[in-house]
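What follows is a set of notes on a single structure, which appears directly below.
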Amino acid sequence: MKKKNTFQDFIDCAEYLIGEKWTRKERLVIEGGSAGGLLMGAVVNMRPDLFHAVHLAVPFVDMMNTMMDASLPLTVGEYLEWGNPNEKAAYDYMKTYSPYDNLEKRAYPAMLVTSSLNDSQVPYWEPAKYVARLRTLKTDRNPLLLRMKMEPAGHGGASGRYDRLKDTAFEYGWMLSEVGIRE
């Protein structure tokens, strides 16, 4: 029941970096995967003005629907961390920060959402559904890309060493290009 502290702490750190002139909003790119993707989705919903670009990797962004499905591999074991949405107090609290459920009609930073068709931990439909809804709501012209790995890959990305390196190069290349670094 204190999970939202995670998101506020992240935002506070970003504000500190900007306040101390370590960076500025136009150069601030954030990245997180899986539960870190939930972090990215939550902080972008809370402060879309603070970040220039975000990479959400295999993001756990439709947490309410996923956590309501006890047949999924990780759900029941995660009740201790996230809460059991079958209990009203937990449901109400979780819903206040669920990335998918808190999308609004407004401007968002540039976004790259990456996932895999064969991810057994965050099923492909979570990021696909998130991107589809975000496309109907966002009011800006910032890029919103969904990159779905159709070849063999799972929650940790591509299964081959060189394929993983190619994916990482793509992700880093996208993030760097978003802050104007192209060579």
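Computed from the coordinates by the stated procedures, all read-outs in this text should not be read as laboratory data. From a predicted model like this one, the values you see are computed outputs, not experimental measurements. Here the Cβ positions follow ideal geometry from the backbone for every residue, glycine too, while neighbour counts run over all protein chains shown.
Quick notes on this structure:
- Relative contact order %, the chain, counting alpha carbon pairs below 8 Å whose residues are six or more apart: 21 percent
- 10 Å beta-carbon shell around D101, net charge (K/R +1, D/E -1): +1
- Residues with amide H under 5 Å from that of S34, placed H, sequence gap 5 or more: A57, V58, F60
- Relative exposure of T23, T66, judged by other C-beta atoms within 10 Å (fewest first): T23, T66
- Positive minus negative residues near S159 (Lys, Arg vs Asp, Glu; Cβ under 13 Å): 0
- Of the residues E171, E20, the one with the fewest other Cβ atoms within 10 Å heads the list, and the complete ranking is E20, E171.
- Restricting the range 43-87 to GluC sites (Glu not before Pro) that sit in a DSSP loop and have at most 16 other Cβ atoms within 10 Å of their own Cβ leaves E87.
- Backbone phi angles across the range 108-114, fed through the Karplus curve with coefficients 6.51, -1.76 and 1.60 (θ = phi - 60°), yield HN-Hα couplings of 10, x, 4, 9, 10, 10, 10 Hz in residue order; Gly and Pro are listed as x.
- For the range 1-62, alpha-carbon Rg over 2.2 N^0.38 Å: 1.08
- Count of Lys pairs (Cα-Cα under 30 Å; at least 8 positions apart or interchain) in the range 38-177: 15
- Taking 0.36 nm per residue of separation and subtracting the current Cα-Cα distance, fully stretching the chain between T23 and R135 would add 37.5 nm.
- Dimensionless Rg/Rh of the chain - Kirkwood Rh, Rg from C-alpha atoms: 0.96
- Computed about the Cα centre, the dipole magnitude for the range 47-95 is approximately 100 debye when only Lys and Arg (+1) and Asp and Glu (-1) carry charge, each at its Cβ.
- L117 paired with Y162, simple spin-label distance in nm, labels 7 Å along Cα-to-beta-carbon: 2.2 nm
- Residue exposure sequence - D140, D62 - by fewest surrounding Cβ within 10 Å: D140, D62
- Around the amide H of L146, modelled in the peptide plane, lie the amide H atoms of V113, all under 5 Å away and 5 or more residues distant in sequence or on another chain.
- The stretch between T6 and E183, if pulled fully straight at 0.36 nm per residue, gains 60.2 nm over its current Cα-Cα span.
- From phi via Karplus (6.51, -1.76, 1.60), per-residue ³J(HN,Hα) for the range 54-65 in Hz, x at Gly/Pro: 9, 10, 9, 9, 5, x, 7, 10, 10, 5, 5, 5
- Label-reachable residues, the range 87-112, where backbone N falls under 17 Å from a point 7 Å from N142's Cα toward its Cβ: 99-100, 102-112
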